[in-house]
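Asks: Okay, handing you the structure first.
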Amino acid sequence: MKWKEQLLNLTAYQPGRTIEEVKREFNLEKIVKLASNENPFGSSPKVLEELKKVDGSFALYPDGYATNLRNALAEFLQVSPQELILGNGSDDLILMISRALLMPGRNTVMASHTFGQYKHNAVVDGAEVREIPLTAKGEHDLPAMLEQIDENTSVVWVCSPNNPTGTYNSESSLVEFLKQVPDDVLVVLDEAYYEYVIAEDYYDALELAKQFNNLIVLRTFSKIYGLASFRVGYGVANSNLIQTLEPIREPFNVNTLGQIATQAAIKDQDFVTNCNIRNREGLELLYAFCEEHGLNYFPSQTNFVLVDFKVDGNEVFQYLMKHGYIVRSGVPLGFPTSVRITIGSKEENEGLINVLAKFLQEKAAAI
Ligand SMILES: *Cc1c(COP(=O)(O)O)cnc(C)c1O
């Protein structure tokens, strides 16, 4: 078959092992998954309340324009409905942007290391990928990224806060960058963890999208809203940009239940605030543990922390799994001696820390 050549070197996304598999293999009763930055507190109870009212008429296609969700979101964000594009998760928006702007002969600039889907899609679409190492602080090196932009660049990806480091770019550095990116290069600002941010010099991305016509901001209901299973994300940009992107979107990409669930979730901002506060407490607990044991970590604006254990990240990962905690090894994320830990509930965080303490103790004893 006449496959795109680049497909032959790609591998499919490897989903983590299921909780059931891990339970069986290690003979465990309970598994705590702190690997995918999901919300340990679930989602707003208002979501389930709303879903219970669903009358069972599933034969009809969803509203392809997601009118009610779009209007609710526009009101909540104080933007116009025409400045929004909805996706089947923000992954879908990343795919649309790639499909719309990337092809052989074009290039795209991104950080290394950052969220893997930018590169994955760029490779599928045949564009050259230019990866710029993060700074020592784990932040995007925006001046260096700027230097990589040339007349064939069509998209620059900025993940802030960044996955997997949890770090962000300050308002001044981002604005300085945006001012210098040529008008015909799209800047994608992926803010999947926006609702977790507390830094004071963090920018207002939606305000920036009003100022810069070549900026699109991506957000999602999968993280703090705890609705990952519904697959709903959105992009905000000026209406001309959105209008040009819209034909790429699959007509019914946001399903009916997702539209209902997210509308209910928007109305419960107390839930969001509460999750942020509890997440901070979890982060502080983990930071204190790291400091006590001399482990380096990147201070995080998200619900995860990348911790450097100065040993093979896979070893830490395996040890934790044997003891009932699934985290993400830093090895495939580009940080071979680290693991990425999602903040859980108080009980989960304390349990994890106990296992980590035991791991460090055994390591020390073995020397
Ligand atoms: C989780 C995540 C996404 C994808 O979110 P979905 O809306 O579930 O597709 C996008 N970007 C980053 C940086 C993420 O961590």
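Asks: Hey, among the residues in segment 214-238 that are in contact with a Leu (Cβ under 9 Å, 6 or more places away or on another chain) and in a loop (DSSP other than H, G, I, E, B), which one's farthest from the ligand (Cβ to nearest atom)?
Replies: ASN238
Asks: OK, next. Pairs please, first residue from segment 307-326 and of a type in the set (S, T, N, Q), second anywhere and outside any helix (DSSP H, G or I), Cβ atoms under 6 Å, 6+ apart in sequence or on different chains.
Replies: Once the first residue is of a type in the set (S, T, N, Q) and sits in segment 307-326, its partners that are outside any helix (DSSP H, G or I) give ASN314/SER329.
Asks: Then there's this: Scan segment 136-148 residue by residue and report those that are surrounded by fewer than 24 Cβ atoms within 10 Å (Cβ to Cβ) and in contact with a strand residue (DSSP E or B) (Cβ under 6 Å, 6 or more places away or on another chain).
Replies: Selection gives ASP141, ALA144, MET145, GLN148.
Asks: Residue pairs, Cβ under 7 Å, 6 or more apart or interchain, first in segment 141-157 and closer than 15 Å to ASN214 by Cβ, second open to solvent by less than 40 Å² (accessible area, probe 1.4 Å) and acidic (Asp, Glu). List them.
Replies: Within 7 Å, the pairs are TRP157/ASP190.
Asks: Continuing with this model, one more query. State all residues of segment 1-44 that are in a strand (DSSP E or B) and in contact with a Leu (Cβ under 8 Å, 6 or more places away or on another chain); if no residue qualifies, say none.
Replies: Correct list: VAL32 only.
Asks: Would you confirm, using the coordinates I've provided, whether ASP190 is among the charged types (D, E, K, R), under 23 Å from ALA74 (Cα atoms) and either within 16 Å of the ligand (Cβ to nearest atom) or open to solvent by 10 Å² or more (accessible area, probe 1.4 Å) (or both)?
Replies: So ASP190 fits the description; yes.
Asks: Would you mind telling me which numbered condition in (1) open to solvent by less than 30 Å² (accessible area, probe 1.4 Å); (2) in a helix (DSSP H, G or I); (3) within 15 Å of the ligand (Cβ to nearest atom) HIS120 fails?
Replies: For HIS120, the exception is condition (1).
Asks: I would also like to ask the following. Of all residues being among the acidic types (Asp, Glu) and in contact with a Leu (Cβ under 9 Å, 6 or more places away or on another chain) in segment 68-102, which is farthest from THR256 (Cα to Cα)? Just the residue, please.
Replies: GLU83
Asks: If you take the residues in segment 46-101 that are within 16 Å of the ligand (Cβ to nearest atom) and among the polar types (S, T, N, Q), which one is most open to solvent (accessible area, probe 1.4 Å)?
Replies: Ranking the candidates gives ASN88 first.
Asks: So THR165 clears everything in (1) closer than 29 Å to LEU69 by Cβ; (2) open to solvent by less than 10 Å² (accessible area, probe 1.4 Å); (3) in contact with a strand residue (DSSP E or B) (Cβ under 8 Å, 6 or more places away or on another chain); (4) not hydrophobic (A, V, I, L, M, F, W, C) except one condition, right? Which one?
Replies: (1)
Asks: State all residues of segment 113-140 that are of a type in the set (A, V, I, L, M) and either on the phi > 0 side of the Ramachandran plot or without any contact (Cβ under 8 Å) to a residue 60 or more places away in the chain (or both); if no residue qualifies, say none.
Replies: Result: ALA122, ALA127, VAL129, ILE132, LEU134, ALA136.
Asks: Say we look at segment 109-135 and pick out the residues that are in contact with a strand residue (DSSP E or B) (Cβ under 7 Å, 6 or more places away or on another chain) and among the β-branched types (Val, Ile, Thr); which of these is nearest to LYS4 (Cα to Cα)?
Replies: Among those that are in contact with a strand residue (DSSP E or B) (Cβ under 7 Å, 6 or more places away or on another chain) and among the β-branched types (Val, Ile, Thr), it is VAL123.
The values are calculated or read from the model by the stated rules, or taken from the named source; none is laboratory data. Please read all numbers here as calculations on a predicted model, not as lab measurements. Backbone-built Cβ (ideal geometry, glycine too); neighbour counts: all protein chains shown. Please note that ligands, DNA and RNA were not included when accessible areas were found on the heavy atoms of the full protein model with its side chains. Shrake-Rupley method; radii C 1.70, N 1.55, O 1.52, S 1.80 Å.
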